[in-house]
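Chemist: Got a structure for you, written out below as structure tokens; questions coming shortly.
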Amino acid sequence: MLQFNCRYRYADGFSVEIGLNLENGCTALFGPSGSGKTTVLSLIAGLIIPDRGSIIIDGTAITDTELRIQIPVHQRGVGMIAQTPQLFPHMTVRKNLEFGRRARKLGFREVDHDQLIDALALGPLLDRSPATLSGGEKSRVALGRALASRPRLLLMDEPLASLDEVIKHQILDYLAEVISRWQVPTVFVTHNQAEAVRIADRVVHLAAGEIVNDNPHDSERRIG
Amino acid sequence: MNPLGKLDWTPVLLSCQVATLAATLLLPAAIAVAWWLARSKSPMRWLVETVVNLPLVLPPVVTGFLLLILFAPRGWLGSRLGAMGIVLVANWYAAVIAAAIVSFPLAVQAVKLAFRQTDRELENAAQTLGAGPWTTFARISLPLARRGVIAGWFLAFARSLGEFGATIMIAGNIAGQTQTIPLAIYSHANSGLSGYQNAWPLVIVAILLSFAALLAGHWLERRAV
């Protein structure tokens with residue numbers, strides 16, 4: 001599904017050099033801060049450009065430094081949920097949810113708009129402003145908003161880091177449900193091993209910009 | 001005695017008309033330049049910023065002189081505009097141009113600051129949702145910077161109200177046509193003791209208008225949450 005092979009060096013000398021092949025399903029990138037997890041996501045999303053390497057999704061290169069290919073962020077079809085939900089503060093929840101659908105010129109049916117709202121229990125929140133939502137509600141809206149843009153790959157950068165334990169479990173349940181129901185290939189970054197094991201089919205362990213361990217889980221832990 | 005009793009409304013209305021038009025016309029250009037200055041990594045940024053800010057520190061008379069050279073009937077731009085029947089000196093359009101050029105840097109600074117303060121992560125989020133650069137600008141960056149845009153408009157309006165030096169150079173001081181409040185006050189003050197008395201109502205109106213413009217700017221800026 002995704003072939004990733006990139007090298008990226010920061011101005012301070014820290015460099016990330018990783019090769020990964022991802023199948024459909026959910027992959028967790030697990031590792032401590034500074035292990036290069038977020039860098040991998042930013043490279044896939046196109047927010048940063050690798051010094052060299054290539055990223056191929058479903059056989060199409062979205063980044064290739066040798067062939068000088070760098071598809072712009074908005075044309076990659078790669079959704080991303082950042083550490084904080086990044087809801088647009090000047091729009092209602094409804095407008096936030098519809099943003100991706102409108103940007104990609106898709107119909108409500110094409111993005112399963114109503115089903116997503118039901119699955120994430122967003123109905124009562126639709127006319128609220130993001131500022132009035134709790135942390136868990138914001139996370140649900142961010143998840144719904146990302147899925148409603150119909151990404152072919154969903155990236156999540158520690159989306160639960162700012163939530164307390166109870167809410168975290170609740171969101172993990174929602175996450176597991178929508179990922180399996182909509183069959184969106186997902187890369188989930190976390191520094192929490194329990195989270196990684198709970199949600200992912202496969203856990204890739206990163207440290208200091210390299211892969212140190214790559215354990216595909218057995219099928220019993222697979223979601224869905 | 002009512003100090004505004006002897007007020008001549010002609011320069012007051014002309015000033016409001018010129019300032020409103022100047023602030024409105026310069027705003028799209030100010031937004032574009034502010035956006036580029038806030039986002040560009042070009043080494044030319046500092047040069048452009050300096051040129052944009054020049055009218056802030058140049059004597060307005062110098063700005064007016066340069067505009068006169070440019071727009072005069074035999075000037076580089078004036079001759080071309082003249083061929084199309086457009087005259088931009090010695091009329092109230094010229095006063096609008098003078099006010100717009102002189103207040104341009106104030107609007108750019110206010111909008112630039114707002115763009116610098118907007119969260120780049122929100123722009124990234126919009127792009128990962130499929131929004132191209134223009135949609136991201138129009139639906140995320142600009143609405144989030146709206147306070148700065150409002151502040152920029154009112155600053156430009158207030159500065160335009162006070163414009164004197166560049167205006168007198170390019171528009172002249174023609175009563176009823178290009179004589180804005182500051183020019184009218186200047187004329188009154190130059191015409192002896194009785195003129196001072198005629199100047200007072202305009203001085204009071206100028207203070208009130210400027211005060212009101214800044215206050216309205218602050219109020220709208222705070223309301224635009």
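Chemist: Across peptide B:119-126, how many C-beta atoms of other chains are within 10 Å of each residue C-beta, on average?
Modeler: Counting other chains' Cβ atoms within 10 Å and averaging over B:119-126 gives 6.
Chemist: Continuing with the same structure: Cut-off under 17 Å on the C-alpha distance; same-chain residues fewer than 8 positions from A:Lys138 excluded. Which lysines are left, in chain and number order?
Modeler: A:Lys95, A:Lys168
Chemist: Please sort through the DSSP H helices of chain B and keep those with an alpha-carbon extent of at least 15 Å along the long axis and a Kyte-Doolittle average not below 0.0.
Modeler: What comes out of the filter, once short or polar helices are dropped, is B:9-39, B:45-57, B:60-71, B:92-117, B:146-161, B:192-223.
Chemist: Continuing with the same structure: List the pair-distance distribution P(r) of the range A:106-224, using every Cα-Cα distance, as the percent of pairs falling in each 10 Å bin from 0 up to the bin containing the longest distance, rounded to whole percents.
Modeler: 11, 43, 33, 11, 2
Chemist: While we're here: Please identify, among A:Lys105, A:Lys37, A:Lys95, the residue showing maximal mean-square fluctuation in a Gaussian network model of chain A using a 10 angstrom Cα cutoff.
Modeler: A:Lys105
Chemist: Could you list which residues have their amide H under 5 Å from that of B:Ile174, counting only those 5 or more apart in sequence or on another chain, with H placed in the peptide plane?
Modeler: HN-HN under 5 Å from B:Ile174: B:Gln179.
Chemist: Where in the range B:83-114 does the label zone of B:Ala32 land, with the point 7 angstrom along Cα→C-beta and an amide N cut-off under 20 Å?
Modeler: The answer is B:96-114.
Chemist: To continue, here is another question. Rounded to whole Å, give me the distance from the Cα center of the range B:84-119 to that of the range B:38-80.
Modeler: First find each Cα centre; the distance between them is then 11 Å.
Chemist: Could you give the radius of gyration (one decimal) and Dmax (whole number) of the Cα atoms in chain A, in Å?
Modeler: 17.1, 49
Chemist: Let me ask you something else. If I build a Gaussian network model for chain A, linking alpha-carbon pairs within less than 10 angstrom, which residue out of A:Ile62, A:Ile167, A:Ile81 has the largest mean-square fluctuation?
Modeler: A:Ile167
Chemist: Rg (Å, one decimal) plus Dmax (Å, integer) for the alpha carbons of the range A:39-138?
Modeler: Gyration radius and largest Cα-Cα distance of the range A:39-138: 16.5, 49 Å.
Chemist: Once you put a point 7 Å from the Cα of A:Arg52 and another 7 Å from the Cα of A:Leu106, both along the Cβ direction, what distance in nm separates them?
Modeler: Distance between the two pseudo-spin positions: 3.7 nm.
Chemist: Using square roots of five times the C-alpha gyration tensor eigenvalues, list the equivalent-ellipsoid semi-axes of the range B:34-82 in whole Å, biggest first.
Modeler: Semi-axes from the Cα gyration tensor: 28, 15, 7 Å.
Chemist: Something else: Based on the Kirkwood radius over alpha-carbon pairs, what value in µm²/s does the Stokes-Einstein equation return for the translational diffusion coefficient of the range B:1-122 at 37 °C and 0.692 mPa s?
Modeler: 197
Chemist: Ok, one more. Mind ranking A:175-185, A:117-127 by how tightly packed they are, going by the mean number of other C-beta atoms within 10 angstrom, highest first?
Modeler: A:175-185, A:117-127
Chemist: Then there's this: Taking each residue in B:129-142, count the Cβ atoms of any other chain within 10 Å of its Cβ, then average. What number comes out?
Modeler: The per-residue average across the peptide is 5.
Chemist: Given R₀ = 45 Å, what would the calculated FRET efficiency be for B:Ser191 paired with B:Val57, taking r from the Cβ atoms and rounding to 0.05?
Modeler: Once rounded, the FRET efficiency stands at 0.90.
Chemist: Return one quarter of the surface area of the convex hull spanned by the alpha-carbon atoms of chain B, equal to its mean projected area, in nm².
Modeler: Computing the convex hull of the Cα atoms and averaging its projections yields 15.1 nm².
Chemist: Whole Å is fine, so just give me how far the alpha carbon centre of the range B:164-191 lies from that of the range A:1-16.
Modeler: 64
Chemist: A follow-up question, please. Distance cut-off 20 Å, Cα to Cα: go down the list B:Lys41/B:Lys112; A:Lys37/A:Lys105; A:Lys105/B:Lys41 and report the pairs above it.
Modeler: A:Lys37/A:Lys105; A:Lys105/B:Lys41
Chemist: Working from Cα positions, state the angle (0 to 90°, nearest 10) between the long axis of helix A:135-147 and the longest principal axis of chain A.
Modeler: 70
Chemist: How much of the calculated P(r) for the range A:151-208 lies past 16 Å, in percent of all Cα pairs?
Modeler: Above the 16 Å cut-off, the range A:151-208 has 42 percent of its Cα pairs.
Chemist: Using helices alone, what [θ] at 222 nm do you get for the protein assembly as shown, with -39,500 (n - 2.57) per DSSP H run of 4 or more residues, divided over all residues and rounded to the nearest 500?
Modeler: -16500 deg cm²/dmol
Chemist: Can you tell me the Rg and Dmax of the range B:98-181, counting just the alpha carbons, in angstroms?
Modeler: Rg, Dmax (Cα atoms, Å): 18.1, 58.
Chemist: Whole Å is fine, so just give me how far the alpha carbon centre of the range A:151-221 lies from that of the range A:36-66.
Modeler: Value for the Cα centre distance between the two parts: 20 Å.
Chemist: Another one. Using the Kirkwood radius over Cα pairs, work out the Stokes-Einstein diffusion coefficient for the protein assembly as shown at 4 °C and 1.567 mPa s, in µm²/s as a whole number.
Modeler: In µm²/s, the coefficient rounds to 50.
Chemist: Now for a separate question. For A:74-82, what's the mean count of beta carbons from other chains sitting within 10 Å of each residue's beta carbon?
Modeler: Taking all residues of A:74-82 together, the mean is 4.
Chemist: Oh, and also: Have a look at A:Glu23, A:Glu98, A:Glu195 and tell me which one the Gaussian network model of chain A (Cα, springs below 10 Å) gives the largest fluctuation.
Modeler: A:Glu23
The numbers here are math on the coordinates, done by the rules we state, and not lab data. Everything numeric here is computed off the predicted structure, so don't read it as measured data. Note that we place each Cβ from the backbone using ideal geometry, even for glycine, and neighbour counts take in every protein chain shown.
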